[in-house]
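> Mind looking over this structure? Questions follow.
The values are calculated or read from the model by the stated rules, or taken from the named source; none is laboratory data. Since the model is a prediction, treat every value here as computed from it, not as a measurement. Glycine also receives a Cβ, built like all others from the backbone with ideal geometry; neighbour counts cover every protein chain displayed. The accessibility values were calculated without ligands, DNA or RNA, using every heavy atom of the protein model including side chains. Shrake-Rupley method; radii C 1.70, N 1.55, O 1.52, S 1.80 Å.
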Amino acid sequence: MKTKIVLNRELMCEKRENLLMTQEDVASKVKTTNTRVCQWETGARNPSFKSIKKIAKALKCKPEELIKRQEV
């Protein structure tokens, strides 16, 4: 089996809410659209590692905290 690195969307949402940020706030800091942030949080899309680093900075955490391994 192969392992794929994906965004831990539940944790991203939790961290965002703990910081009292909206999806639009995160989008502004990451320089993307709030639609894209919504897609990341719902699992419709998976961000690039470059984007995960930007998300982590916006959410005041390390990128490693926002990723998880998924078997495919």
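> Here are some residues: L11, L7. Which one is in contact (Cβ under 8 Å) with a residue 60 or more places away in the chain and within 9 Å of the chain's Cα centre (by Cα)? Break it down stepwise before answering.
On the way: L11 fails: in contact (Cβ under 8 Å) with a residue 60 or more places away in the chain.
Unique residue meeting the criteria: L7.
> Could you list all residues from the range 44-72 that are touching a strand residue (DSSP E or B) at 6+ places or on another chain (Cβ under 8 Å) and open to solvent by 30 Å² or more (accessible area, probe 1.4 Å)?
If the condition is that a residue be touching a strand residue (DSSP E or B) at 6+ places or on another chain (Cβ under 8 Å) and open to solvent by 30 Å² or more (accessible area, probe 1.4 Å), then N46, F49, I67, K68, R69, Q70, E71, V72 are the ones that fit.
> Take the range 33-43 and flag every residue that is within 21 Å of K68 (Cβ to Cβ) and surrounded by 14 or more Cβ atoms within 10 Å (Cβ to Cβ). Before the answer, list the steps.
From the range 33-43, those within 21 Å of K68 (Cβ to Cβ) are 36-43; that's our starting set.
Residues satisfying the conditions are R36, V37, C38, Q39, W40, E41.
> Separate question: Which pairs turn up if I take residues in the range 45-66 that are of a type in the set (G, A, S) and look for partners that are open to solvent by less than 70 Å² (accessible area, probe 1.4 Å) and at pLDDT 95 or above with beta carbon separation below 7 Å, at least 6 apart in sequence or on another chain?
The qualifying pairs are S51/V30; A56/P63; A56/L66; A58/V26; A58/V30.
> Of everything in the range 31-72 that's among the aliphatic types (A, V, I, L, M) and assigned to a loop (DSSP other than H, G, I, E, B), which residue is nearest to the chain's Cα centre (by Cα)?
Step one: filter the range 31-72 for residues among the aliphatic types (A, V, I, L, M), giving 37, 44, 52, 55-56, 58-59, 66-67, 72.
Still in the list and also assigned to a loop (DSSP other than H, G, I, E, B): 44, 59, 72.
Working: A44: 12, L59: 9, V72: 20 Å.
Per the stated criteria, the residue is L59.
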